[in-house]
Amino acid sequence: MNQSTSLHCYVHPNRETSLRCKRCERPICSSCAVSTPTGYMCKECVSERQKTFDTALWYDFVIGFIVAAVLSGVASFLVTLVGGFGFIGWFLILLGASAVGTIIAEIIRSVTRRRRSRALFLTIAAGVVLGALPMLLLQLFSGNLFGIIFQAIYLVITVPVVYARLSGIQISR
């Protein structure tokens, strides 16, 4: 191969490469290349593209966190009540937690006007956990083992459902 036709990474000029960024066409080495579903991109182009998907405003974090915490607190209280139903309570928790996660996610999606950001989704997930914390602590301090288990089941199911619904993660098609 002729030296004049060999490509060198624009970040690491001492590395030969045959890859190019699919967006800006600059040569990139394998350590600088980011694999996307449609080809390789340089890190700069990926970060520019990411900015178009991160549309959340500063107050979306505050509103989303508060709404998630309040709704999760109410749901967590209801989990405590369902715990008194005995055997049927287990089924209600297992089925209801995913429904509650979907409801919380849709309400938050509405109040944030469908704005998106990975940091926003994580903030909302933290709000769900914090909202359930008072009831979880109450169950812990009262020594109610089934109450603690029900609260844990609620959180283990609801938090991932909320995050997945908001972020658009699809488990199956």
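No value in this document is a laboratory result; all are computed from the given coordinates. Predicted, not measured: the structure shown is a model, and the values here were computed from it. Here the Cβ positions follow ideal geometry from the backbone for every residue, glycine too, while neighbour counts run over all protein chains shown.
A few remarks follow.
- Plainly put, segment 3-52 has a radius of gyration that is 0.99 times its Kirkwood radius, both from alpha-carbon atoms, as the Rg/Rh ratio.
- Cα-based convex hull, segment 35-173, per residue volume (Å³, whole number): 125
- Close amide H partners of ARG23, meaning residues 5 or more places away or on another chain with modelled amide H under 5 Å apart, are CYS42.
- Helix axis angle, 87-111 relative to the chain longest principal axis, alpha carbon, degrees: 50
- Sequentially through segment 37-49, phi angles give Karplus couplings (6.51, -1.76, 1.60; θ = phi - 60°) of x, 10, x, 8, 10, 6, 5, 5, 5, 5, 5, 5, 5 Hz, Gly and Pro residues having no value and appearing as x.
- Taking one quarter of the surface of the C-alpha convex hull of segment 112-173 gives a mean projected area of 5.0 nm².
- Arranged from fewest to most other beta-carbon atoms within 10 Å of their beta carbon, LEU94, LEU145 become LEU145, LEU94.
- To the nearest ten degrees, helix 118-142 and the longest principal axis of the Cα atoms of the chain are 30 degrees apart.
- Look at GLU25, GLU44, GLU16 and count the other Cβ atoms within 10 Å of each Cβ; fewest to most, that gives GLU25, GLU16, GLU44.
- Springs between Cα atoms under 10 Å define the GNM used for the chain, and in it the highest mean-square fluctuation of VAL11, VAL111, VAL82 occurs at VAL11.
- Taking the number of Cβ atoms within 10 Å of each Cβ as an exposure proxy, the fewest-first ranking of VAL74, VAL128 is VAL74, VAL128.
- Between the helical axis of 58-82 and the longest alpha-carbon principal axis of the chain there is an angle of about 40 degrees.
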